[in-house]
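Engineer: Take this structure first; my questions come after.
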Amino acid sequence: MKRLYYFFLVTFVVFLFLSCSRTEKAAVGSAPPFVLSTIKSERLDFKDYRGKVVMLEFFASWCPPCQTVAPELKSIYEKYMGKGFVVLAIAIDDGPNALSAVKNFVNEFAIPYPVMIDDGTVSRQYQVISIPTSFIIDKEGKIRNKHIGLLPDLASTLSKEIEILL
């Protein structure tokens, strides 16, 4: 009986994650500006990235789909980083252990790009309702695409979108 319960629970969770993913062609609008501190205590001003294609990734260290996509995002970053592309990651972790949890996530997945922790302000500005959520922002600071949830063909989709904008 216990096995059957776990089988249905796992099946439900997998179905939930896959059914909640989607890609949206975002209405062309400016990406809201923000200033946050990275987990290394460096000031990051989004305006400093004007002229680059930016992927803004909202995630949480405890989120299984976020953990699943972390290696793919790292490989996308490494593929395009010298070509005018950058990934900026914003964790929505909260509580007294948020910083250490996010630092552990960054170390575990060897994340090479800037990572910040949001107090809820930036995620509200970007209307993030689910994680992971990614935004592709062009060189002029306009949001071009939004990806919500775990996408099965994430690397291919992102590569196509990035190459068009570079």
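Engineer: On the basis of being out of contact with any Phe, Trp or Tyr (no Cβ under 6 Å at 6 or more places or on another chain) and among the aromatic types (Phe, Trp, Tyr), does Phe46 make the cut?
Structural biologist: No: the conditions fail for Phe46.
Engineer: Report, by residue number, each residue of segment 146-166 that is over 16 Å from Val86 (Cβ atoms) and not aliphatic (A, V, I, L, M).
Structural biologist: Matches in segment 146-166: Lys146, His147, Gly149, Pro152, Asp153, Ser156, Thr157, Lys160.
Engineer: Kindly establish whether Ala89 is under 18 Å from Leu158 (Cα atoms) and either touching a residue at least 24 places away in the same chain (Cβ under 8 Å) or aromatic (Phe, Trp, Tyr) (or both).
Structural biologist: yes
Engineer: Which one is nearest to the chain's Cα centre (by Cα) among residues in segment 57-74 that are in contact (Cβ under 8 Å) with a residue 60 or more places away in the chain and under 19 Å from Asp94 (Cβ atoms)?
Structural biologist: Glu57
Engineer: Report the residue count in segment 140-157 for those that are surrounded by 15 or more Cβ atoms within 10 Å (Cβ to Cβ) and in a loop (DSSP other than H, G, I, E, B).
Structural biologist: Within segment 140-157, residues that are surrounded by 15 or more Cβ atoms within 10 Å (Cβ to Cβ) and in a loop (DSSP other than H, G, I, E, B) number 4.
Engineer: Of the residues in segment 72-86, how many are under 12 Å from Pro112 (Cβ atoms) and either touching a Cys at 6+ places or on another chain (Cβ under 8 Å) or of a type outside the set (Lys, Arg) (or both)?
Structural biologist: So the answer is 7.
Engineer: Condition first: in contact with a Gly (Cβ under 6 Å, 6 or more places away or on another chain) and among the hydrophobic types (A, V, I, L, M, F, W, C). Can you find one or more residues in segment 147-166 that meet it?
Structural biologist: Of segment 147-166, the ones in contact with a Gly (Cβ under 6 Å, 6 or more places away or on another chain) are 166.
Going one step further and asking which of them are among the hydrophobic types (A, V, I, L, M, F, W, C), we end up with 166.
Scanning segment 147-166, I find at least one residue that is in contact with a Gly (Cβ under 6 Å, 6 or more places away or on another chain) and among the hydrophobic types (A, V, I, L, M, F, W, C), so the answer is yes.
Just so you know, all these numbers are worked out from the coordinates, no wet-lab data involved. Because the structure is predicted, anything quoted here is derived from the model rather than measured. Virtual Cβ from ideal backbone geometry, glycine too; neighbours counted across all protein chains shown.
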